Amino acid sequence: MVKSEMDLRCGDLEVGCVVRQPGNARIYRTGDWRSFRPVVDPARCIGCGVCYLFCPDMAIRRRADGTFEADLYYCKGCGICAAECFTGCIRMVPEEE
């Protein structure tokens, strides 16, 4: 069983940080250290999914209305989604402290 991030200690990590249990990333929220976050203008989003395809962390989710949004629990704020969006509906804004 995967330990929660509160129970995980440095001695529990595999040498080389090898992931032995697939799917364990969903319990470790990794978006806490980003300095920028993506904001989508739904009026300009055409639902093409380019942001979803290019996101290296699979942090983009399709909403019920067909537009996309970032799951900020996992988004690292890299800005690839904004750079690849050809409609310009995604902009990166500074993360509020």
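Annotation: of all residues in the stretch 26-65 being in contact (Cβ under 8 Å) with a residue 40 or more places away in the chain, surrounded by 13 or more Cβ atoms within 10 Å (Cβ to Cβ) and under 12 Å from the mean Cα position of the chain (by Cα), the one that is nearest to F86 (Cα to Cα) is P38. Checking each residue in the stretch 69-78 for being out of contact with any Gly (no Cβ under 7 Å at 6 or more places or on another chain) and crowded, with 16+ Cβ neighbours inside 10 Å picks out E69, A70, G77, C78.
If the condition is being within 22 Å of Y28 (Cβ to Cβ), of a type in the set (D, E, K, R) and assigned to a loop (DSSP other than H, G, I, E, B), then the stretch 40-92 contributes D57, D71, K76.
Every number in this text was worked out from the coordinates using simple rules, so none of it is lab data. Computed from a prediction, not measured in an experiment: that's the story for all the values here. Reconstructed Cβ throughout: ideal geometry from the backbone, glycine too, with neighbour counts over all protein chains shown.
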